[in-house]
Amino acid sequence: MHLTTIDWIVIITFFIIFITIGLVVAKKAGKDSKSFFLSDRNMPWWLLGVSMVATTFAADTPNFVAGVIREDGVFGNWIWWSFLLTGMLTVFFYARLWRKSGITTDLEFYELRYSGKSAAFLRGFRAIYLGVFFNIVIMANVCLAAIKIGHVMFGLSSYEVLLIASPVVVIYSAFGGLKGVLLTDFVQFIVAMVGSIWATVYIVNMPEIGGIDKLLATPTVAAKTAMLPDFSKPELFIPLLIIPLAVQWWSVWYPGAEPGGGGYIAQRMLAAKDEKNATYATLFFNIAHYALRPWPWIIIGLASIVIFPNIESLQAAFPNLDPDFVKNDLSYPAMLTFLPAGLLGIVVTSIIAAFMSTISTHLNWGSSYVVNDFYVRFLRKKATDKEQVAAGRISTVVMMIFAGLLALVLEEARDGFNLLLSIGAGTGLLFILRWFWSRINPYSEIAAMLISFLIAAFFFVNGKMDTPLIEMAGHWQLVLGVVITTIGWVLVTLLTKPSNAETLNSFNSLIFGNESKFKGFGMKILGFFAGVVGVYCTLFAIGNFIYSKTILAFSLTTVALICGLVVVKSFQKTE
């Protein structure tokens, strides 16, 4: 494909906007670490909420969804739709608690909640484990998607894609801090949504597709449109629906869907003006992420089945692409090659925006761990604000380099998703309970982290062997990991001492004041269920409008509105 002059004008214009935002806010962002990592804790809910959504709209997300559609059908998305329950749990139970804590990063929680050297070790270790290694894996997946898109659409090599895409995002992330990230996220989200929706409309109406009705009537596509799996086929509904809803959402740590909140979601809540803004930001994120955004990707994934019915057809269309890269997730960028001049520039910009919004967040979030929870905490406790900001900027550049190098050895977006799930399997319940169960201590967290990692490493190596030691489907590996890890950390909790009473009393006084930890739990639980049902009904209502099932769509819309009223009532009763 070749970009025309107008395409380049669109792309370069937005590049200039993103860099300008970073440079404009650089002076204020660089005055101290709180400004650089939390933007002075005065951000409104709508900006934080949009930033959360923009971050999860990574360049690899549409690829991942398209791959799922082609392999399993629309209902295959339950492997990530199930995390809505995790998100709503954060909305009603944890958003206010995080903002009340007043900490800089969620890892600082460890020395707020736990006592002793074990708490300090846990904080420092997690800073490197999550902020560097885990974070680099996530960014590498995003870079992998950018590599595939760049190669398929423009014939660029892996190195060329990374050299073009990375410098701009590093510049505004390193100079603008969190505020620069939030402001660029806002622009990037609008561009990304306009681009994905416009591209979907154009692709569906191509002569080869013939419109939405003809697309959905195509037998191979119709077989993939169901939003729920066939309940007569346990090999489908157990791994793709039952396990995600019954086990995965509460037991697995996954970036952006951490049980109890955490990571960059916690960073956004900590940067909010107040507890109410933290709560509303997280609610907006869950509505937009799960209900409003997926359908353009789903429709393009379905359309790709018509144009590229199998892997062989994708390989034939891109004979110069490394065969290791030709997976089902390649179908999304492959469909974008049909776009005309002008629209192509907007869509390419939207893809670049999606890439940048995710990478910039992970760079800022990861560097906040490196600086606040490792460098200042253990290496240079008296570091000046200027030194902390400098350390944050240096770590930003270094992490981007390593993420790009790792991206060169990955093959498919789903590989990274499954690996991250397995590494975090079994740790989720601990993150949910640690605010309320006083016996949980640093050794509980260390045990959970170590056991889950060893199990994930075993199954990863086992899967690469010519003759595996254990033959077990991936979903049962996840369940086994959850069971073993959960039993392990619970036993460690019961066999070790809780944190000292002074630390626990100080924590409870800060977070809960003189009130019971369980005040308003009844209304919060009601709000949680109403929120979950309401978002799912909104998601399915949009889908059924697209499928021209208007009666069912209006019925689901009505239920969603009722649930919305219950959510509002729940907030009023628990504020």
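General remarks:
- Charge sum, other residues only, whose C-beta stays under 13 Å from Val490's C-beta, Lys/Arg counted +1 and Asp/Glu -1: +1
- Degrees separating the helix 5-24 axis from the principal Cα axis of the chain, which is the longest one: 10 degrees
- Taken over segment 176-224, the percentage of Cα pairs per 10 Å bin, counting from 0 up to the bin with the maximum distance, is 23, 30, 21, 16, 10, 0.
- Calculated FRET value between Lys569 and Tyr159, using beta carbons and R₀ = 51 Å, to 0.05: 0.40
- Amide H contacts of Val252 (H built 1.01 Å from N, under 5 Å, at least 5 apart or other chain): Gly426, Gly428
- In the chain, the longest principal axis of the Cα atoms and the axis of helix 135-154 are about 10 degrees apart.
- Computed from Cα positions, the angle between helix 294-307 and the longest principal axis of the chain comes to roughly 30 degrees.
Computed from the coordinates by the stated procedures, all read-outs in this text should not be read as laboratory data. Everything numeric in this text was worked out from a predicted model, so none of it was measured. Note that each Cβ is placed from the backbone with ideal geometry, even for glycine, and that neighbours are counted across all protein chains shown.
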